[in-house]
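Participant: Submitted below is the structure of interest, expressed as structure tokens.
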Amino acid sequence: MREFGYQRVHDVSGAVALRGADPEARYLGGGTNLVDLMKTGVERPAHLIDVRELPLGRIESTPDGGLRVGATVTNSELAAHPEVRRAYPALAQAVLAGASGQLRNMATVGGNLLQRTRCGYFADTTQPCNKRAPGSGCPAIEGEHHNHAILGASAHCVATHPSDMGVALAAFDAVVHYETADGPGELPLAEFYLPVGDTPHLETALPSGALITGITLPPAPVAAVSRYRKVRERASYAFAIGSIAAALDVEDGTVREVRLAFGAVASRPWRARTAEQALTGGPATAAAFAAAADAELAAAEPLPHNGYKVTLMRNLAVAVLTELAEEAAR
Ligand SMILES: Cc1cc2nc3c(=O)[nH]c(=O)nc-3n(C[C@H](O)[C@H](O)[C@H](O)COP(=O)(O)OP(=O)(O)OC[C@H]3O[C@@H](n4cnc5c(N)ncnc54)[C@H](O)[C@@H]3O)c2cc1C
Ligand code: SF4
């Protein structure tokens, strides 16, 4: 590991000013991703700005009935919060499906959003990788890609975003708030992660040096009947090979509102808007759920070794939406 500076900050403007003064600096949340990447040489910050003591550690109701979650709230605190569990149960389930208890005690909301891909070539500095070293190539396309993207990828990168939390946030239209030297800003999650295109190293629309200060969850009554389901290669302590966040409101057998987002299939949490449109106003039946999933997955472009994800996501969508329809009918 290379030498680096370390500074703990206590106010947001001080954090942003420090970061602005040093382009080689990085914010440090729980360090559960950044420090691992520093050990392997993927990240080489000259300076760490520890943000954990910033006054961003609260979860509060908003006047319109939504929730505001500070950037330094830990994953454990988020999953345990009574209002999160009541109003957005899929979010609590998604967070609890990630990592381990010890990691969730350290990991923060801001860091979770910005965690990097688990593509093995990205983590291995002896390999080419367009995301880590732009223009060097993407060995995953011809190589090991069984857990890579089937939607929205490009010829330059087929990596997936690993966050479970982000999938639920996508389903619930979360908004990311940030601070820069020029003042505060916000980005809907749908615009937060950039399309891969030919610039896979540019992952988010955050301005350079921006500090994430929190997220807001707009009020969404539909979210009260929601679920997160994650499929992985072992029962715990593993990243998803496919996951779903879903919420469903059914009246007299007809879908009034549905939210659906897929995880581990794209470079970002994938909001399944085509499937949502296909379902809204139609019957809440397994056949309709399957047809909607097929419509969404018609855009899939699987690689030779990850075509199984198309079937997996279709089956996950049907299973979870069927469960939610049964729950709504009770
Ligand atoms: C063994 C293991 C298993 C895991 N399994 C899962 C899993 O199954 N599902 C899952 O979703 N995740 C999993 N994770 C990832 C884990 O969720 C992330 O490492 C964690 O959420 C990152 O949060 P952090 O606060 O530790 O971020 P850090 O490591 O501190 O930072 C990550 C990035 O975010 C930046 N950053 C941090 N805070 C801010 C801020 N406020 N503003 C701007 N930038 C900021 C940092 O500069 C860095 O670039 C796993 C991790 C490990 C090590
Ligand atoms: S998939 Fe993306 S992260 Fe993985 S090797 Fe290719 S360019 Fe790098």
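Participant: If packing is taken as the mean number of other Cβ atoms within 10 Å per residue, what is the order of 197-208, 74-85, highest first?
Facilitator: 74-85, 197-208
Participant: Quote the charge dipole size of region 225-329 about the Cα centre in Debye, to the nearest 20; the model charges only the Cβ of Lys and Arg (+1) and of Asp and Glu (-1).
Facilitator: 560 debye
Participant: Of the peptides 264-277, 3-16, how do they stack up when ordered by the mean number of other Cβ atoms within 10 Å, highest first?
Facilitator: Highest-to-lowest ranking by the protection proxy: 264-277, 3-16.
Participant: Based on the alpha-carbon set only, what is the convex hull volume of region 225-329 divided per residue, in Å³?
Facilitator: Taking only Cα atoms, region 225-329 has a hull volume of 93 Å³ per residue.
Participant: Just want the answer: with Cβ charges of +1 for Lys and Arg and -1 for Asp and Glu, which residue in 125, 106, 163 is farthest toward the dipole's positive end in region 85-169?
Facilitator: Checked the options; the winner is 106.
Participant: Mind putting together the pair-distance distribution for region 1-50? All Cα pairs, 5 Å bins, whole percent per bin, short to long.
Facilitator: Cα pair-distance distribution for region 1-50, in percent: 5, 22, 32, 23, 13, 4, 0.
Participant: So how strong a dipole does the chain carry about its Cα centre when Lys and Arg Cβ are +1 and Asp and Glu Cβ are -1, to the nearest 20 debye?
Facilitator: Result for the chain is approximately 700 debye, rounded to the nearest 20.
Participant: For residue 226, which sequence-distant residues (separation of 5 or more, or a different chain) have an amide H within less than 5 Å of its own amide H, given hydrogens modelled in the peptide plane?
Facilitator: Amide H neighbours of residue 226, under 5 Å, 5+ apart: 90.
Participant: Be a star and scan region 232-268 for residues whose amide nitrogen sits under 17 Å from the point 7 Å along the Cα-to-Cβ vector of residue 326.
Facilitator: 246-250, 253
Participant: Give the dimensionless ratio obtained when the Cα radius of gyration of region 86-152 is divided by 2.2 N^0.38 Å.
Facilitator: It is 1.44.
Participant: Could you order peptides 313-323, 291-301 by the average number of other Cβ atoms within 10 Å of their residues, highest first?
Facilitator: 313-323, 291-301
Participant: Right, another one. Largest first, please: the extent of the C-alpha atoms of region 130-242 along each principal axis, to the nearest Å.
Facilitator: Computed over the Cα atoms, the extents are 43, 40, 23 Å.
Participant: Please list log₁₀ I(q)/I(0) at q = 0.07, 0.12 Å⁻¹ for the chain, using the Debye equation with identical point scatterers on the alpha-carbon positions.
Facilitator: Here the Debye-derived log intensity ratios amount to -0.28, -0.83.
Participant: About its Cα centre, how strong a charge dipole does region 20-144 have in debye, to the nearest 20, once Lys and Arg get +1 and Asp and Glu get -1 at the Cβ?
Facilitator: So the magnitude is around 160 debye.
Since every read-out is calculated from the coordinates, none of them should be taken as a lab result. Every value quoted in this text rests on a predicted model; they were computed, and no experiment measured them. A quick note on method: Cβ atoms are made from the backbone with ideal geometry, for glycine too, and the neighbour counts reach across all protein chains shown.
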